[in-house]
Amino acid sequence: MLSHVVIFWTDPAQPNAADELIAGAEKYLRDIPGVVHFHVGKMVPSHRPVVDQTYQVALNLIVTDKKAEEAYQIHPSHLEFVEKVFKKVCKKATIYDFEG
């Protein structure tokens, strides 16, 4: 299994950006072949200083293997998400991929 974690910083000038990003991820990314687990949501505030609270939305995908992750990256639905949603509402994203 491979985890593909994406941390999103949305555009503060767009008050509905986080909701639009989550809806877009649900629409375009959930059903891409190879995705075994899909979880997207808003940052949860914490009193703990070690918890990063600078982002607005996170996506956690688990795919079967590296080959599935590579296919996911070029899948038409992923490319459409990037063009129609990500580029419209986000300022930045950081990605963490790990196997286990």
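Summary table below
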quantity	calculated
Estimated FRET transfer efficiency (residue 23, residue 50; beta-carbon r; R0 25 Å; 0.05)	0.25
Assigned charges on the beta-carbon of Lys, Arg, Asp, Glu; the chain dipole about Cα centre (debye)	240
Using alpha carbons only: equivalent-ellipsoid semi-axes of the stretch 1-86, gyration tensor based, whole Å	24, 17, 9
FRET efficiency for residue 88 and residue 31, using Cβ-Cβ distance with R0 set to 30 Å, rounded to 0.05	0.90
Projected label distance in nm at residue 60 and residue 74, using a 7 Å step from Cα toward the beta-carbon	3.0
Cα long-axis angle, helix 17-28 against the chain (0 to 90 degrees, to the nearest 10)	10
Hz values of 3J(HN,Hα) by residue in the stretch 87-100 - Karplus curve (6.51, -1.76, 1.60), Gly and Pro given as x	5, 7, 10, 10, 9, 6, 8, 10, 10, 10, 10, 8, 9, x
Within the chain, helix-based [θ] at 222 nm, where runs of 4 or more DSSP H residues each add -39,500 (n - 2.57), nearest 500	-7500 deg cm²/dmol
Lysine pair count for the stretch 36-100 [Cα-Cα under 23 Å; pairs on different chains or 8 or more apart]	6
Unit charges at the beta carbon, dipole of the chain: most positive-side option, 37, 81, 56	56
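Computed from the coordinates by the stated procedures, all read-outs in this text should not be read as laboratory data. All values reported here derive from a predicted model rather than from experimental measurement. Backbone-built Cβ (ideal geometry, glycine too); neighbour counts: all protein chains shown.
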